[in-house]
Each structure stands twice: as structure tokens, then as C-alpha cells.
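What follows is a single structure, written as C-alpha cells, with notes after it.
All of the numbers you see were taken from the coordinates with simple rules; none came from a lab. Computed from a predicted structure; not experimentally measured. Neighbour counts are summed over all protein chains in view; Cβ atoms, including those assigned to glycine, are modelled from backbone coordinates with ideal geometry.
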Amino acid sequence: MSYLPLIGLPGRRRKGRDIAGFAEALGDLDMDLYLADYGRGVIEAGGLPVNIPLDADIDKVTERLDGVLLTGGTDIDPSRYGATAVPEVIGLEPERDELELSLLTSALARDIPVLGICRGLQILNVHQGGTLNQHVPPHSRYDVAPHETIHEVTFTAESTLEGLYGPTHSVNSLHHQTVDVLGEGLTVTGRAPDGVVEGLELGGRVVAVQWHPEMMKGRPADPLFRWLVETASQAN
């Protein structure tokens with residue numbers, strides 16, 4: 001059997017009571033989870049998704065990983081980039097912020113390829129010293145199905161994203177935060193029609209997008225998941 005690259009996926013922590021139908025006696029137990037479509041995207045591209053619990057020793061984890069997928073989720077604590085939270089900031093998870101920032105530090109040090117999706121793009125920008133616009137409501141299109149395309153993204157010529165998708169790509173839009181001040185070393189390689197950052201790259205081993213490719217109907221053939229798995233395979 002050929003080697004399947006191990007792709008680490010961090011997620012969010014919830015209590016058993018937060019899951020409908022879960023046994024009441026287990027309500028106080030912690031659960032680490034992420035939307036299954038992230039893992040499906042990795043599997044369809046030929047990789048093996050691995051859950052990263054919030055309690056994991058990150059350096060020991062990245063010793064065994066071939067790639068990292070930073071998933072979507074709740075807002076990053078604005079104190080991480082020196083800001084005060086506005087009222088619209090939701091679901092802060094300091095433990096998750098800490099784990100993902102540490103995961104990025106370790107992955108970059110080990111030259112492990114990283115794909116960031118939505119929150120993953122934002123955590124990358126914050127990790128590199130950037131800041132976020134905390135509430136941009138027109139981009140949060142929960143009034144339509146998550147696979148529906150909302151706008152096009154235009155990519156920078158000769159970028160990794162342009163090589164994967166061509167000059168433009170139609171995407172969904174499920175975020176309410178955007179890049180403000182760009183983090184150190186990052187290159188903007190994708191923008192929405194209104195100028196909002198939709199793609200970031202760091203060297204040739206880190207790519208992040210603001211949309212959700214895992215929710216799109218074309219996910220089984222999406223080149224972004226293939227890029228992650230193929231780049232992760234190059235180390236083996």
C-alpha cells in the first residue's frame with residue numbers, strides 16, 4: 001500500500017451537553033471536533049486526516065505529521081493582535097487560539113505544508129503579526145446554502161493559487177472577519193471584487209483562503225486539497 005500523508009486537523013472543543021441527543025450523563029465531558037467535510041477533502045485528495053486534540057503536545061505531534069489543515073471556526077481573541085473586542089465578536093476560544101498559533105510555529109519551523117481555511121487564514125495573519133477587521137457583516141452569507149457561490153476571487157499571476165485555479169474562481173462566503181493589517185512575510189494572492197483579502201501565501205509551503213472549499217460541490221476535485229496532500233507527500 002502506498003504511503004498516505006498524515007494531515008493534522010485542529011478543531012473546536014465542546015461539552016457533551018452541547019451535542020443534541022448526547023447522553024445526559026456525559027454532558028460534562030469534553031469533545032474535540034471539526035466539520036467532517038475537512039477530513040473528506042483530505043481523504044479525497046489521497047491523504048489521511050488526523051485529529052489534533054487541544055491537549056496535545058504540539059512539537060510531538062508535528063514530528064509525526066506531513067501537513068496541517070487549519071480549519072474554520074469561531075473568532076480569534078482580539079487581544080492576540082492588540083485590539084479590544086467589538087460586541088459582534090463571537091465564540092472566543094483562547095485554548096484553540098493558543099494551540100493553533102503554536103501549531104503554526106512548529107509547522108513553519110519543520111517546513112511542514114499548511115493549508116488555512118477561513119479562520120485558518122485569519123490565524124495565519126495574526127501569527128505573523130497582522131490584525132483583523134472584527135466585523136464585516138456583508139460577507140457572512142448564511143442566508144443561502146453554504147455551497148452557493150457568492151462572488152469571484154481574482155488571483156495574482158504566478159501565485160500558487162493562480163496555478164491551481166487559473167486567474168479567477170467563484171467562491172462561497174461564510175465569514176464576518178477579514179484581514180486588516182497584513183502580517184509579516186505574507187503575500188496577498190487573492191482578492192474579492194471589493195478588495196478584501198481572500199488568499200494568502202508564505203513561501204511555497206503555506207497557502208490560506210478566506211472561502212470554504214470543503215463546503216463547495218466541487219470539493220472531490222478541488223485542487224487546493226490536492227496541493228496540500230501532494231506537497232505533504234514530497235517529504236516522504
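For segment 75-156, the relative contact order comes to 33 percent (Cα pairs under 8 Å, sequence separation of at least 6).
A simple rule links phi to the HN-Hα coupling: the Karplus curve 6.51 cos²θ - 1.76 cosθ + 1.60 with θ = phi - 60°, which for segment 62-72 gives 5, 4, 9, 8, 9, x, 9, 10, 8, 7, x Hz, with x for Gly and Pro. Per 10 Å bin from zero, what fraction in whole % of the C-alpha pairs of segment 165-236 is there, up to the bin with the longest pair? Taking every Cα pair in segment 165-236, the percentages come to 16, 49, 31, 4, 0.
Extension gain, Leu26-Glu148: 0.36 nm per intervening residue step, less the Cα-Cα distance, totals 40.3 nm.
Reported to the nearest whole Å, the Cα centre-to-centre distance from segment 1-69 to segment 177-236 is 20. On a per residue basis, the convex hull of the C-alpha atoms belonging to segment 86-216 measures out at 110 Å³.
Over the chain, what is the percentage of antiparallel beta bridges among all DSSP beta bridges, to the nearest 5?
The antiparallel proportion sits near 60 percent.
Treating r as the C-beta distance of Ile19 and Leu164 and R0 as 41 Å, the FRET efficiency rounds to 0.70. Is the C-alpha gyration tensor of the chain telling us rounded, prolate or oblate? Criteria: a/c under 1.5 is rounded; beyond that, a/b larger than b/c is prolate, otherwise oblate. In terms of gyration-tensor shape, rounded.
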